[in-house]
Every structure is written in C-alpha cells, then in structure tokens.
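As structure tokens, the structure follows; a few thoughts come after it.
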Amino acid sequence: MNNLEIKKRIEQQRRKQNLSQSDVADLLSISQTAYHKIEKGDTILVSERIPQLATILHISEEELIFGKEFNTVREQNDLVIAERDRRIAELEEIIKDKNRIIHLLGEKLERM
C-alpha cells in the first residue's frame, strides 16, 4: 500500500463511476482543488475521508487502500504487517543517512 497506488485506484474508480473531480469534491464537501490534491497525491488522504471515498466510489475501504478485498482477517493482517515492516525498513534507512550526516558534520566541526 502506497499513496501512488491509492491515488491511482481513486482516479480509476472515479472515472469508472463517470464522476468528475468536482462531483467527488462536492460529495466530500471539499473544494475541487482540495480533491484534486488528494487524487494527485499532493495531500495525504486522511482516514476520515477513506470511508466517504469508498462509499462514493462503490468499493470497500479495503479495496480502496489495498487494491483488493480480503478473504480472511489473517490475510489482511499479513498485508498490514508486511507494509509496516517495509515502512520500518524505509525509516531505518533514513535514520542511517541522518546519522552519517551527523557524523560527517561532527568531523567537520572538529577540524575547524
């Protein structure tokens, strides 16, 4: 699950329902510009909008977020855990990069 995949699903489902961005924005009680930013990925899709969007687009919340419906709770949990692990690994890499920068800056300060 990532924002790119979610925004693609939102746009595909909106088009499948023959709705304009303005139509969906009206149904969400937001501006067309705000909705465009959701679909473009410029803004984070807040959790309160997910059930609303799923209803408007006639799909389940699971399908909106994950791209499919789950047969079992275990299947859903496995996917959530895999996504959590992927995100943890991504954040660990960011931390390593930040630590390298801190170390290099510390060395630079010592040489001054």
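Points worth noting:
- In segment 54-83, the residues that are closer than 14 Å to Q12 by Cα form Cβ pairs under 9 Å with partners that are among the polar types (S, T, N, Q) and outside any helix (DSSP H, G or I), at six or more places apart or across chains, as follows: A54/S60; I56/Q17; L57/Q17; H58/Q17.
- Residues that are among the charged types (D, E, K, R), within 17 Å of the chain's Cα centre (by Cα) and surrounded by 15 or more Cβ atoms within 10 Å (Cβ to Cβ) occur at least once in segment 49-60.
- Taken as a whole, the structure places I65 among residues that are of a type in the set (V, I, T), assigned to a helix (DSSP H, G or I) and surrounded by 10 or more Cβ atoms within 10 Å (Cβ to Cβ).
- Looking across segment 1-36 at every residue that is surrounded by 16 or more Cβ atoms within 10 Å (Cβ to Cβ) and basic (K, R), the one that is farthest from A82 (Cα to Cα) is identified as R14.
- Residue in segment 72-86 that is outside any helix (DSSP H, G or I) and at pLDDT below 90 present: yes
The values are calculated or read from the model by the stated rules, or taken from the named source; none is laboratory data. Values in this document were obtained by computation on a predicted structure and should not be read as measured data. So basically every Cβ, Gly included, is an ideal-geometry build from the backbone, and we count neighbours across all protein chains shown.
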